[in-house]
Every structure is written in structure tokens, then in C-alpha cells.
Amino acid sequence: MSESLKIVIPMAGLGTRLRPHTWSKPKPLIRIAGKPVLSYILDLFQTLPDPDNVELIFIIGHLGDQVRGFMKEVYPNIKTHYVIQEEMRGQSDAIYLAKDLLKGPMIIAYADTILETSFAFLAQEKCDAVAWVKPVPDPRRFGVVELNDAGLVTGLVEKPEEPKTNLAVVGFYYFCDAEQVISAIEEQMRLGITLKGEYFLTDAINILLKRGISMRTESVEVWLDAGTPEALLDTNRYLLEHGRATDPSEFSAEGVAVIPPVYIDFGVDVHASVIGPYVSLGADCHIQDSIIRNSIIGEDVHLTDTLLEGSILGSHVVVNGQPTSLNLGDSSWAMMK
């Protein structure tokens, strides 16, 4: 059997931009349109040339044991490794901690990025590395690639004042030789190349490019962010519009109006309410005399006499009253009357 493809997924960060939800669960396990963010990422890898010959390497930290439990329950047949990053020293440091597991081809995928892409082309890939990119209107807000006349990457630049391309890097990379990446990270650390005390992967990649590796870009049209509450809601809307919605005919209850697109999980009990558009309802929710629009609602949530719009509620939440927008973590209670 050929060398297995290693897929490194760094996810040790505290997810502070998604609090209060990340107090009780790691960011990749937050659910949108009926599935955890992590599932959308893992499902992409079914398009690999040999999806059964992969090993997942999770760089975990805060609440990382939940990731172990999730993978054991939902993806029991995938070979997985877990490496703990105790101190947040950056992306390169996270990957370097897994150096003993990294030989042969490797993909690096960040856990708050959902793409629409296929990895089938890797069976015939000729370049040493691939960076996934998306054309953006204002590349000054992103890390971007710079290209030579042949279309190969010559460098990665973070938030350039005068960008030479409009191709933003989206957080997915392929390398034919993981040990080359580790060697570049070692040089990055020896030279002390950091930004605000952290080692960024783009600097290690620039070292590889100076050494002469060939890297090309793979462009994507859909790049969804799951790193902030606003981005979660936007991504939820997109997923509901593109195949993740429940057929409204599958859910009917007297006195209930369902305005698609919505996702409604099993065991949901709704009375005298309006659901939608752009709503994801987790399992076993109970909703009475309420209107819910453009919101993500977790499991076992009880809503009574309330109007919610642009809201994110964790699981086991109780809300009674008339708020219009809420961001509540798991096991919260809000009486608004």
C-alpha cells in the first residue's frame, strides 16, 4: 500500500470569537444546518483519490476530548491521531508538534473553513505543493499569493498594502513531502520568524518557496467561514440554500408555518409558530407561540412567546419572552417578560 495521506487539522485555539458557545464545546463541533462544522470538512475528503488511505491528525487543546469522542462515535473507521498543543504559539508550532507522525504527502486544513472543492486531481498532481485560493474584491484584508509568469506561487504575503493578485489563501494546503514542511518550520523557528509572538505557516511556506519547491494554486468559488457568530449565520444561510434544507412537506403541524429554507431535526415539537426562513432547529426542540428567523437553534431548546432573528442558541436553552436577537451558550435561561 502506498504511503497514507496525512491530513493535519489544527484546532487547539480557544475560539474566543465564538463565545459563549466555545465555553462548553470546541469550535469545530458547533452545528450549522444540522451538522458540526467539522463534518463538512471531513466529508470533503471523500473526494480524495484514495479516501480510505488517510490518517487524520488533530491538533487539540481546549475541550479536545470532545473531538475524540465525536470521531469515535461518528467516524469510527478513520485512523486518527491526537496531538495536544498546550501553549498557543501559532500554526507552524501546531504542525511541528505532530512531526513524528508526518511523512509522505500531507494536507493541512483549518477547522473553521468550509470549502466546495474536489481533491480528485491529486492523483495526477505534478507540483510539490498546492494552495487553495479564492478571488476576492479587496485582497488587502487577507493573506494573498504572488505568482510568476508561469502561474506558480512565488510568495505569500499577509494583508498587503498593494496586492499583486486578488487571490486570498483560504486555509487549505497540499504538500507532497511533509518532512520538507517540518524542515522549513525548524528553520523558521531557528530564525525566530514570528508575528505577535506566533509562528505563522505562511512564513514556513515562504522558506520552502525560496528553497525552490513548485507550488500552484487551486481556485475555489465557495469559501465559507465559521469563526464568528455573524459568519456562522451567513454560512448557515448558504448551506440551507444549497442542499442542506429539510423538505417543508416532511414537517407539518397545525397552526405552524414553515418558510423555507430551514433544517428541522428529529423530535421537534412546534405549536402556533412561524419557522423560517434560514433557520436550523436541533433535535427535540419545543417551540410555542414564537417566530424564528435567520437563526441557529441547538438541541433540546424550549422557546415560548418569543421572536428571534439573527440568533444563535446552544443546546438545553430556555427562552421565554420577546427578545429579537440572542447569542446564548449551552444550558442558558432567559426570561424576558
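The values are calculated or read from the model by the stated rules, or taken from the named source; none is laboratory data. Keep in mind that this is a model prediction, so the values were computed, not measured. We place every Cβ from the backbone using ideal geometry, glycine too, and count neighbours over all the protein chains shown.
Tabulated data
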item	result
Residue list for region 43-63, filter: in contact (Cβ under 8 Å) with a residue 12 or more places away in the chain, out of contact with any helix residue (DSSP H, G or I) (no Cβ under 9 Å at 6 or more places or on another chain) and in a helix (DSSP H, G or I)	44, 45
From the options 104, 151, residue that is outside any strand (DSSP E or B), touching a residue at least 60 places away in the same chain (Cβ under 8 Å), within 23 Å of residue 52 (Cα to Cα) and of a type outside the set (A, V, I, L, M, F, W, C)	104
Residues of region 141-164 satisfying the condition of being closer than 16 Å to residue 202 by Cβ, among the acidic types (Asp, Glu) and touching a helix residue (DSSP H, G or I) at 6+ places or on another chain (Cβ under 8 Å)	158
Region 262-302 - residue that is part of a strand (DSSP E or B) and more than 28 Å from the chain's Cα centre (by Cα) and, of those, surrounded by the most Cβ atoms within 10 Å (Cβ to Cβ)	287
Flag for residue 8 being more than 17 Å from residue 94 (Cβ to Cβ) and out of contact with any Lys or Arg (no Cβ under 7 Å at 6 or more places or on another chain)	no
Enumeration of residues in region 234-261 that are more than 21 Å from residue 43 (Cβ to Cβ) and either not assigned by TED's automatic domain parsing to the domain that holds residue 328 or not in a loop (DSSP other than H, G, I, E, B) (or both)	248, 249, 250, 257, 258
Output for region 311-327, where each listed residue is touching a Pro at 6+ places or on another chain (Cβ under 9 Å) and more than 20 Å from residue 269 (Cβ to Cβ)	312, 327
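Residue-by-condition table, conditions (1) surrounded by fewer than 20 Cβ atoms within 10 Å (Cβ to Cβ); (2) modelled with pLDDT under 95:
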{"residue": "7", "(1), (2)": "no, no"}
{"residue": "15", "(1), (2)": "no, yes"}
{"residue": "43", "(1), (2)": "yes, yes"}
{"residue": "82", "(1), (2)": "yes, no"}
{"residue": "88", "(1), (2)": "yes, yes"}
